[in-house]
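Take a look at the structure set out below.
FYI, it's all coordinate maths here, none of it is from the lab. This structure is a prediction, so every number in the text was calculated from the model and none was measured. Positions of Cβ are backbone-derived with ideal geometry, glycine not excepted, and every protein chain shown enters the neighbour counts.
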Amino acid sequence: MSEQQITDIIEKYRGRPGAVIHALTEIQHANHWLPREVMHEVADALEVPFSQVMQIASFYKTFSLTPKGKHELHVCTGMTCHLRGGARLMAKVEELTGLKPGETDTDAKFSLEAGSCLGSCSIGPELIVDGKHYGRMTPERAADVLKQYD
Amino acid sequence: MNDAIVQITLQIDGKEATVPAGTTVLKAAQQIGVAIPTLCHHPKLEDYGGCRLCLVEVESRGRTNYVVSCLYPVENGLVVRTRSEKVDKVRRVIIEELMAHAPDAPELVRLAYEYGADRNRFEKEAAFCVMCGLCVRYCDEVKQKHAVGFIDNGHAREISFIPEIAATECWSCQECFAICPTSYAQAAYLMTEALAFPGRRKKESAPRDAAVERLADIPAVPMTFVKRPPASEPELAK
């Protein structure tokens, strides 16, 4: 993620106070997190108070105010996935990555998040890596999936 | 058509009130001298509807409804009851819930006495902030400095001073301290000050020569505290 890319995104929305969420979402997706200086730039360019940008960035779970890993792992802990062994899957993923939900590893490779129902109950328990859904996941297969990412 | 402002007549606690269309029930009640308790309302600020204490019973076209009076616009023939049994009960529970956060806030103590609320009904979770948003809205709307804002969401939501802005704007203002019902705005600010620009209070409030400063017996800065209720204030209902 280059600084130029962030600047381009901010320039696209310059002077449009209503587009704070759009700008932040794009930066979040490109950069995986929102550094404070970037939020200051957003506030100045879009002509909204910094406190409002902060309010929005801290309100929605989409946005991260701390650095995230290159790959974002989501393990579903919702009811259906839980009944289908979601807890065992989570334990295995925690063991493989050495992370607890909400954490990022030191070389910023993986971030792990838990989610209560990620919307694919019919293929549960599921593991999502960077938006790609892996359904009917077993603890054994989880290792093979994670190996594909580095 | 004439440009005259449409006047609306409604009834509040049996009294007639005639006010311009678009007025809120709360304003109409205040005009004819009917008291409705509020916490998050401030005449200088936009209506917010956050604390729900100003809830009243309204009856129009035969239907009874419960609405927050600070946001509800008047209508012709509206019958408003500000102290029905159910209204009092709802207010009592709201006060009890807020007192789990700020058990000693003077305004809440007074309201608890009036409505017979039990301050110990809910387990204490001393956050001290009741989320009325007065400080945030005052800073945004009146001062337009945006130095304090809400952070996070749900149960974790809290007010927070933005150090970058607070460092330059708050020192000479501090007006939100006086409008905060619980004095939490002051606490939050002092915490920010202590973390973001430590020592400033000592330096800027007591400019003495270095020798005196080294003695480190500089008295605490006089600060404006929100007035506590007088000693004669009745004790809380148990």
Neighbour-count ranking [beta-carbon atoms within 10 angstrom, fewest first] of A:14, B:137:
A:14, B:137
List the GluC sites (Glu not before Pro) within segment A:52-150 that fall in a DSSP loop (any state other than H, G, I, E or B) and whose Cβ has at most 13 other Cβ atoms within 10 Å.
none
Percent of beta bridges antiparallel (DSSP, chain A, rounded to nearest 5):
55 percent
Low-density loop positions, GluC sites (Glu not before Pro), segment B:1-63 - DSSP coil, at most 16 other Cβ in 10 Å:
B:46
Between segment B:5-78 and segment B:132-151, what is the C-alpha centre distance in whole Å?
25 Å
So for chain A, averaging the separation of alpha carbon pairs under 8 Å that are six or more residues apart and normalising by length, what relative contact order in percent results?
20 percent
Gain in length, residue B:173 to residue B:46, computed as 0.36 nm per residue apart minus the alpha-carbon separation, to one decimal in nm?
43.7 nm
Could you tell me the distance between the Cα centroids of segment A:12-86 and segment A:99-115, to the nearest Å?
16 Å
Determine, for A:128, B:95, the number of other Cβ atoms within 10 Å of each Cβ, and report the residues in order from fewest to most.
A:128, B:95
Estimated dipole of segment B:1-81 in Debye, rounded to 20 [Cβ of Lys and Arg +1, of Asp and Glu -1, Cα centre]
160 debye
DSSP bridge orientation in segment A:71-147 - percent antiparallel, rounded to nearest 5
55 percent
Counting just the Cα atoms, what span does the protein assembly as shown cover along each of its three principal axes? Round to the nearest Å and put the largest first.
75, 74, 57
Give A:12/A:132; B:15/B:89; B:44/B:89; B:145/B:203 a once-over and call out the pairs whose C-alpha atoms are over 26 Å from each other.
A:12/A:132; B:44/B:89
